[in-house]
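Data block below; observations after.
The values are calculated or read from the model by the stated rules, or taken from the named source; none is laboratory data. Predicted model only: the values in this text are computed from it and were never measured. Glycine gets a Cβ as well: all are built from the backbone with ideal geometry, and neighbour counts include every protein chain shown. For accessibility, only protein heavy atoms count, side chains too; no ligands or nucleic acids. Shrake-Rupley method; radii C 1.70, N 1.55, O 1.52, S 1.80 Å.
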Number of protein chains: 2
Amino acid sequence: MTTPKPTTHQAPTNLRDAQSLLTTHWRPQHILTANNTHSFKIATISNSFIWHAHPNTDEVFYVISGGPLMMDIATDLTSKHEDQGFETVRINVGDLFNVPLGYRHRPWVEQETGILMVEKVGTVNTGDEEGSPEGKERTVIVRKGDGEVA
Amino acid sequence: MTTPKPTTHQAPTNLRDAQSLLTTHWRPQHILTANNTHSFKIATISNSFIWHAHPNTDEVFYVISGGPLMMDIATDLTSKHEDQGFETVRINVGDLFNVPLGYRHRPWVEQETGILMVEKVGTVNTGDEEGSPEGKERTVIVRKGDGEVA
């Protein structure tokens, strides 16, 4: 038997433990890369994000804690925002959900929620809004009527 | 406002609920595909699987229930089985772990365990052992010393 050498694999990551170390909402932290193409990231979120789409990737969500994650999602690829038709999907702790490539969406929560995301490497969380004033900040905005700015 | 139409997205899948419907160990069930390249699958497992490798894909594991998932994994790409150097990684419920492409590995558990796997579409769970007598059966084998055949 040869002497075992350290492998190139990475130790397991406990998603709840890793999430508990995050100090800023809506700042995804990279956990691992699969096949050099897909990134697994965790984040904690609160309140609401901006409407955006990812023109080059599906975005798979898994809810780790808190929840539910509410996902406003356009009813078809041509809908740009809530005035053009959308529905709201409820994603509970332990649920897996895919936002298909190109669909505009807006995640929001009523309590702090931990999420895992799987998407193509290099994806920016603000998607096609990266260059917009809202997207540039990559920060939390509140939904209409919330009455406070996060 | 246009009338909302059904979207092409799939309803969320609760991993524990989906897992509870599985009746056969080591038979992965496809849940969703991301970007036409990556498949999310769930399975329930018991006892031990065979040594195998996936020459074309990383294989990401997440433990849904039961656990721990124990992963014997070769210490380098040239190790073919336990006589050539391996280590055992303990993967608890809520942990995420990647078996890198090409590394021979053998998952085993001491109690029934539910797992999520993310890997390239078309991956066979027996990997490079698909054509072997053990791999063809794609069934459970017990570890040396277990004293019974599953």
Candidates B:Gly85, B:Gly102, filtered to the one that is without any contact (Cβ under 8 Å) to a residue 12 or more places away in the chain and open to solvent by less than 40 Å² (accessible area, probe 1.4 Å): B:Gly85
Matching residues in segment B:68-82 - criterion: being open to solvent by less than 10 Å² (accessible area, probe 1.4 Å) and either over 22 Å from B:His38 (Cα atoms) or touching a Ser or Thr at 6+ places or on another chain (Cβ under 6 Å) (or both): B:Leu69, B:Asp72, B:Ile73, B:Ala74, B:Thr75, B:Ser79
Check on A:Thr57, assigned to a loop (DSSP other than H, G, I, E, B) and more than 9 Å from every other protein chain (Cβ to nearest Cβ): no
Which numbered condition A:Leu77 fails, given (1) touching a strand residue (DSSP E or B) at 6+ places or on another chain (Cβ under 8 Å); (2) outside any strand (DSSP E or B): (1)
Meets criteria (open to solvent by 30 Å² or more (accessible area, probe 1.4 Å), touching a residue at least 12 places away in the same chain (Cβ under 8 Å) and of a type in the set (Phe, Trp, Tyr)) for B:Trp51: no
Filtered residues of segment B:105-135 (kept if surrounded by fewer than 20 Cβ atoms within 10 Å (Cβ to Cβ) and on the phi > 0 side of the Ramachandran plot): B:Gly122
Selection within segment A:24-45 - in a loop (DSSP other than H, G, I, E, B), within 14 Å of another protein chain (Cβ to nearest Cβ) and among the β-branched types (Val, Ile, Thr): A:Thr37
Filter result (at the interface with chain A (Cβ under 7 Å from one of its Cβ atoms), in a loop (DSSP other than H, G, I, E, B) and farther than 30 Å from A:Ser20 by Cβ) within segment B:80-100: B:Gly85
